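Encoded as structure tokens, the structure appears first; notes follow it.
Read-outs: derived from the displayed coordinates by stated rules, not from any lab. From a predicted model like this one, the values you see are computed outputs, not experimental measurements. Methodologically, a virtual Cβ is constructed for each residue, glycine included, from the backbone with ideal geometry; neighbour enumeration extends over all protein chains shown.
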Ligand SMILES: NC(=O)c1ccc[n+]([C@@H]2O[C@H](COP(=O)([O-])OP(=O)(O)OC[C@H]3O[C@@H](n4cnc5c(N)ncnc54)[C@H](OP(=O)(O)O)[C@@H]3O)[C@@H](O)[C@H]2O)c1
């Protein structure tokens, strides 16, 4: 049976949009996928030159670069470069828009794309506030269009493997959780206009890095078979301020899954995280430790408690589950978009709106309790 390719329009030509576009052009069979196909039919940028350079760079793939397969097999045959995002939304050859702009534009861009009748896959953090997100969800429902936050890690092979272990029950009941994404961005060496520094671009550690401790919290605790609390709340939080621009240098927040356990979540843009551990779920029979980096780990460990000497959990176990070679790790979430759209679904079961809402709500609370300049900012809701 021939598969109708999903036709992507890419919004913006920055770092992550480049990686995403490359992954759309990788041979799906290299990740054992045979039910979906992707092509890129439009690239939109604030400058048409930048859009065309982006396309030319993709076309210039070397033989050993995974996306060269798509270039050779029609993945860019009908692509157009545009000097605005609006032209991508208006292009009848685009089915879905991928949004890779800085956080503060996600709501505006996603709303415009939905209003133009396009499905949307939007980078994390989904929006600047829960209010903005709720407006997008309402619009997707009204227009019957697919909408998903691009939390790529959820779709990685390791995410499913970690969950298999937790669902097996062999670690027992969760007792406490911690997760961290810290990386030294050397903020003092960055220009004021850098998106991690500039409050107008949603700068700071929380909004950029917070989705990662959060994704492991959702996968390991929220999805745990023993969790009954679907609206876990932040019970305490703190942000330290990067004085030059007033954004958060680091954020800490404690989440409570009522009746189950507490989670300690952390981001920091001034120092790197601990290499051997990005997320840790301690349970009553043993612990599960996921290695760094939180956005694309390939290894985790099952670690028995030293005081336990009987039962099946006596040996430390290490499990490797890397992303398939040849893709950057973003192809899996793109496949999810294609499958949902082919089935006529407007929401992903693996990345449901309610779970984006939980995490967006945490960020709202942390920002509002923290002393950063983003406090209280609601973004472009209603505009
Ligand atoms: N999933 C992941 O692993 C991952 C990783 C990194 C980033 N992200 C997310 O992706 C988004 C973009 O991050 P990035 O690292 O790709 O950023 P980036 O390299 O700075 O690229 C952002 C792009 O957005 C466009 N843009 C529109 N208005 C802009 C403005 N006023 N200032 C700067 N750029 C503007 C620009 O493209 P044009 O000039 O072509 O319009 C720019 O190249 C962020 O929300 C971030 O959280 C996700």
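Details
- Whole-angstrom gap from region 331-377 to region 196-226, using each part's C-alpha centre: 10 Å
- Separation of the residue 86 and residue 30 label points, Cα + 7 Å toward Cβ, nm: 3.8 nm
- Solution diffusion estimate, µm²/s, Stokes-Einstein, region 1-95, Kirkwood Rh from C-alpha pairs, 20 °C, viscosity 1.002 mPa s: 161 µm²/s
- Cα Rg, Dmax (largest Cα-Cα span) when computed across region 52-101, Å: 12.2, 35
- Counting every pair of alpha carbons in region 36-186, the share spaced more than 28 Å apart comes to 37 percent.
- Here the chain was treated as a single set of alpha-carbon atoms; its pair distances binned every 20 Å from 0 give 28, 59, 13, 0 percent.
- Square roots of five times the Cα gyration tensor eigenvalues for region 137-258, Å: 30, 20, 15
- Ranked by the mean number of other Cβ atoms within 10 Å of their residues, highest first, the peptides 336-349, 314-327 come out as 336-349, 314-327.
- Nitroxide proxy distance, nm - points 7 Å out along Cα→Cβ at residue 59 and residue 193: 2.8 nm
- Taking a point 7 Å out from the Cα of residue 231 in the direction of its Cβ, the residues of region 348-364 whose backbone N falls within less than 14 Å of it are 354-355, 357-359, 361-362.
- Across region 273-383, Cα-Cα pairs farther apart than 21 Å form 64% of the total.
- Relative contact order, whole percent, for the chain stands at 19, derived from Cα pairs under 8 Å and 6 or more residues apart.
- Whole-number D in µm²/s for region 121-207 (Stokes-Einstein; Kirkwood sum over Cα pairs; 20 °C, 1.002 mPa s): 128 µm²/s
- Taking the convex hull of the alpha carbon positions in region 193-292 and averaging its projected area over all directions gives 7.1 nm².
- From its DSSP helices (H runs of at least four residues, each -39,500 (n - 2.57)), the chain gives a residue-normalised ellipticity at 222 nm of -8500 deg cm²/dmol.
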